[in-house]
Every structure is written in structure tokens, then in C-alpha cells.
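Take a look at the structure set out below.
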Amino acid sequence: QVQFVESVGGLVQTGGSLTLSCSASGFAFSTVSMSWYRQAPGKERELVASISTAGINKNYADSVKGRFTISRDNAKRTVSLQMNALRSEDTAVYYCNGGWASAIPRWDHNWGQGTQVTVSS
């Protein structure tokens, strides 16, 4: 069974940094591109960043480009999102899932619990 478990997020001040991690199981992790998504209150879920199977290719939403960095560790079956220079508009619940640069993830009906990130001024 495909499962995603996101690490605890947190409350951070504007301009601060936070790193999220996601553990995946139930599929051949090293063969699947992975992505981070987020959903802010009252908004639809959006793609934040994607990383290819070997971690060579990365794709970012324009809103986070230059501030966020996605990475993965295939041996540990984890994907991470380092977030710097956080803004209030980054406040959202963050999720990981399979897929590359698509608003629709590979397992659209299978999400983890997500992790809340709140950026305060």
C-alpha cells in the first residue's frame, strides 16, 4: 500500500527557514519522480516542486524558485523540501506524492496527513 508520512512542520517568522521531510513506502521509490504540493486555506492544492528519480532534474513553481530546494535520498526513501526566505503566502499544508511537474500526482487518491507550515510576520 502506498503511504506518505510528512514530518512535522511548524511556525516560523517571515524570512526564516524550515526543512520538511517525507517518508514513502509501498512502491519502488527510486523509480518514481517525487513532488511536493501545498494547499493554503481556501485555495486549491498546488504543485510546489518536483525531483526526478536520480535527483538530477528539479522543477519549481515560480513562486518558490530561488527560495526552496527539493532533494531526495533513495536509500532512505525520503524526499525533502528546504524552504528559505519564507513569506506569509507560503503558509499552507504541505504534502508529498509521486509525479513530475504535474498538478495531478501519481497517486491522487492517496495522500499523507500533510504538515502545517505557518509563516508569521
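The values are calculated or read from the model by the stated rules, or taken from the named source; none is laboratory data. Bear in mind that the values here come from a model prediction, so they are computed numbers and not experimental data. Every residue, glycine as well, gets a Cβ built from its backbone with ideal geometry; the counts of neighbours run over all protein chains shown. The area values use the complete protein model at the heavy-atom level, side chains included, leaving out ligands, DNA and RNA. Shrake-Rupley method; radii C 1.70, N 1.55, O 1.52, S 1.80 Å.
Can you tell me which of Ala28, Ala61 is open to solvent by less than 60 Å² (accessible area, probe 1.4 Å) and under 15 Å from Tyr94 (Cα atoms)?
Unique residue meeting the criteria: Ala61.
Can Ser121 be described as touching a helix residue (DSSP H, G or I) at 6+ places or on another chain (Cβ under 8 Å) and exposed (fewer than 15 other Cβ atoms within 10 Å of the Cβ)?
The answer is yes for Ser121.
Out of everything in the stretch 31-58 that is out of contact with any Leu (no Cβ under 9 Å at 6 or more places or on another chain) and small (Gly, Ala, Ser), what residue ends up being least open to solvent (accessible area, probe 1.4 Å)?
Step by step, filter the stretch 31-58, then rank; the result is Ser50.
Where in the stretch 3-121 are there strands (runs of 3 or more DSSP E), lying fully within it, with 2 or more residues that are more than 11 Å from the chain's Cα centre (by Cα) and small (Gly, Ala, Ser)?
Strands (runs of 3 or more DSSP E) meeting the threshold: 18-25.
So Lys76 clears everything in (1) surrounded by 15 or more Cβ atoms within 10 Å (Cβ to Cβ); (2) at pLDDT 95 or above except one condition, right? Which one?
(1)
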